[in-house]
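Peer 1: Could you have a look at this structure, given as structure tokens, before my questions?
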Amino acid sequence: MLVFSVETSCDETSVCIMKDDKTILSHIVHSQEIHKKYGGVVPELASRAHLEILQNITKKALKDSGIRIGEINLFSATCGPGLIGGLLIGSTFTKSLAIGNNKPFIPINHLEAHVLSSFYSNEIKFPHLCLLITGGHTQIYFLENTNNIMLIGETIDDAVGEAFDKVAKILGLPYPGGHEIEKKALEGNENSFELPLPLIKENNLNFSFSGLKTSVNLIAKKNHLNDKFIRDISASFQKCVGNILISKLDRAVNKFCKNKNLSISVVGGVANNNYLKKCFQNFEFKKNIKFIYPPRYMMNDNAAMIAWATIIKHSNNHNLNFKPDPRLTIQLSNF
Ligand code: ZN
């Protein structure tokens, strides 16, 4: 069976052709550059760029893989959550291909695809915890199995990736800011500034990053933004984010999976951060836990994770009568 999948929920335009034995025949991710000069994603520009790019990369994916469109058995696309313009373009484009070729169309929940991405390269035992860290979401899920995924904690304001981007903007670093902060922090002193750890003492699994960003802003206003300051504040900020994530994961392990051989997957674009990976490693040593990750090309937004979610979960669940939903959650994912 061959799956053709599309991802357009934010500023990545991506298509993938995957066989049901996991073989990727073609995977193209086009990151839209246009947003860089605005310091963040502009939804209207993202929609226009998806429209321009999608057809070209679809043709290229078919050419690269040597597959004819008529040979595709299933078509799927991200249908939420995300920016509504991108969701409408990606899903309508893919649905048209499905109708034109008389094949099923399957709507995919973007968050569910992130959560399932680590299953592509790992044997996972249940129960399982998943930390999803991206520019749009910061969530912890408890998985009884791949059909029973429960949201047990999430950010009440900014997502962790968003906090990285906003702090980078305060410090005059380019967008996207996550990688820039990580680079600067490598040479900084993480104990230079004491930053708040919001919600860390509260008996829940929720996060808050907006106060942390405000604290960095207040400190930045009182200091010269020279290179030493930027390195030190970047390192202090990153250390603080690591402490917040670990403290909530620790709470989640104690609450849901105590005394079990547990694996925790970390998925989403922020899972690329090497400092945070080290924090997870240190936590691994203290507890009987193993951290696992998806392949690198499935961390940022991409169509391979959409194709993979289609294969493992939804291949019998085709549906042309869904509506794209910018606020879709996993609990509501039965279109
Ligand atoms: Zn995403």
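The values are calculated or read from the model by the stated rules, or taken from the named source; none is laboratory data. What you are looking at is a predicted structure, and each value in this text was computed from that prediction instead of being measured. Glycine also receives a Cβ, built like all others from the backbone with ideal geometry; neighbour counts cover every protein chain displayed. Protein only, heavy atoms only, side chains kept; ligands, DNA and RNA dropped before computing areas. Shrake-Rupley method; radii C 1.70, N 1.55, O 1.52, S 1.80 Å.
Results for (1) in a helix (DSSP H, G or I); (2) closer than 24 Å to V41 by Cβ, shown as yes or no for each residue.
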| position | (1), (2) |
| --- | --- |
| F119 | yes, no |
| F126 | no, no |
| L132 | no, yes |
| I152 | no, no |
| G161 | yes, yes |
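Peer 1: Still on this structure, please answer the following. Regarding F256, is this residue under 17 Å from I140 (Cβ atoms) and among the hydrophobic types (A, V, I, L, M, F, W, C)?
Peer 2: Numbers: under 17 Å from I140 (Cβ atoms): yes; among the hydrophobic types (A, V, I, L, M, F, W, C): yes.
For F256, the condition - under 17 Å from I140 (Cβ atoms) and among the hydrophobic types (A, V, I, L, M, F, W, C) - is met.
Peer 1: Looking only at the range 273-300, which residues are open to solvent by less than 30 Å² (accessible area, probe 1.4 Å) and within 16 Å of the ligand (Cβ to nearest atom)?
Peer 2: Looking only at the range 273-300, we keep the residues that are open to solvent by less than 30 Å² (accessible area, probe 1.4 Å), and these are 273, 276, 279-280, 283, 289, 291-292, 294-295, 298-299.
N273, P294, P295, M298, M299, listed by residue number.
Peer 1: What pairs can you find where one residue is in the range 87-114 and at pLDDT 95 or above, the other is of a type in the set (D, E), and their Cβ atoms are less than 7 Å apart, with a gap of 6+ or different chains?
Peer 2: So the pair list comes out as G90/E7.
Peer 1: Tell me, please, whether a residue that is of a type in the set (D, E, K, R), assigned to a loop (DSSP other than H, G, I, E, B) and without any contact (Cβ under 8 Å) to a residue 60 or more places away in the chain can be found in the range 299-320. Give the derivation first.
Peer 2: Taking the range 299-320 and keeping what is of a type in the set (D, E, K, R), we get 301, 313.
Narrowing further to those that are assigned to a loop (DSSP other than H, G, I, E, B): 301.
Next, only the ones that are without any contact (Cβ under 8 Å) to a residue 60 or more places away in the chain stay: none.
No.
Peer 1: Is it true that some residue in the range 146-157 is surrounded by 23 or more Cβ atoms within 10 Å (Cβ to Cβ) and at pLDDT 95 or above?
Peer 2: So far as the range 146-157 goes, no, none of its residues is surrounded by 23 or more Cβ atoms within 10 Å (Cβ to Cβ) and at pLDDT 95 or above.
Peer 1: So, one more: Of the conditions (1) modelled with pLDDT of 95 or more; (2) touching a strand residue (DSSP E or B) at 6+ places or on another chain (Cβ under 8 Å), S234 satisfies every one except a single condition; which number is it?
Peer 2: The single condition S234 does not satisfy is (2).
Peer 1: What number of residues within the range 188-202 satisfy the criterion of being within 27 Å of the chain's Cα centre (by Cα), loosely packed, with under 14 Cβ neighbours inside 10 Å and touching a residue at least 12 places away in the same chain (Cβ under 8 Å)?
Peer 2: 1
Peer 1: OK, next. Just for the range 232-272: of the residues that are assigned to a helix (DSSP H, G or I) and of a type in the set (K, R), which one is most open to solvent (accessible area, probe 1.4 Å)?
Peer 2: In the first step, residues of the range 232-272 are kept if they are assigned to a helix (DSSP H, G or I); the result is 232-256, 269-272.
Then keep just the ones that are of a type in the set (K, R); that gives 239, 248, 251, 255.
Working: K239: 58, K248: 1, R251: 69, K255: 139 Å².
Filtering the range 232-272 for residues that are assigned to a helix (DSSP H, G or I) and of a type in the set (K, R), the one most open to solvent (accessible area, probe 1.4 Å) comes out as K255.
Peer 1: Sticking with this structure for a sec: Would you check which residues across the range 212-226 are in contact (Cβ under 8 Å) with a residue 24 or more places away in the chain and either open to solvent by 60 Å² or more (accessible area, probe 1.4 Å) or of a type outside the set (S, T, N, Q) (or both) and list them? Spell out how you get there, then give the answer.
Peer 2: Step one: list which residues in the range 212-226 are in contact (Cβ under 8 Å) with a residue 24 or more places away in the chain, which gives 212-213, 216-217, 219-220, 225.
Matches in the range 212-226: L212, K213, V216, I219, A220, L225.
So that you can scan it fast, the table gives a plain yes or no per residue for (1) open to solvent by 30 Å² or more (accessible area, probe 1.4 Å); (2) more than 15 Å from the ligand (Cβ to nearest atom):
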| residue | (1), (2) |
| --- | --- |
| I57 | no, yes |
| E71 | yes, yes |
| G80 | no, no |
| S91 | no, yes |
| I99 | yes, yes |
| L111 | no, no |
| L116 | no, no |
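Peer 1: Also, quick follow-up: If we scan the range 165-181, do we find a residue that is open to solvent by less than 20 Å² (accessible area, probe 1.4 Å), assigned to a loop (DSSP other than H, G, I, E, B), more than 16 Å from the ligand (Cβ to nearest atom) and within 19 Å of G242 (Cβ to Cβ)? So that I can check it myself, show each step before the final result.
Peer 2: Taking the range 165-181 as the starting set, the residues that turn out to be open to solvent by less than 20 Å² (accessible area, probe 1.4 Å) are 167-168, 171, 177, 181.
After this cut, where a residue has to be assigned to a loop (DSSP other than H, G, I, E, B) as well, the list is 171.
Filter once more, keeping what is more than 16 Å from the ligand (Cβ to nearest atom): 171.
Checking which are within 19 Å of G242 (Cβ to Cβ) leaves us with 171.
Yes: one or more hits.
Peer 1: With farther than 19 Å from Y275 by Cα and within 24 Å of the chain's Cα centre (by Cα) as the only criterion, which of N206, N223 stands out? Break it down into steps so the answer makes sense when it comes.
Peer 2: Values: N223 fails: within 24 Å of the chain's Cα centre (by Cα).
None of the other options fit; the residue is N206.
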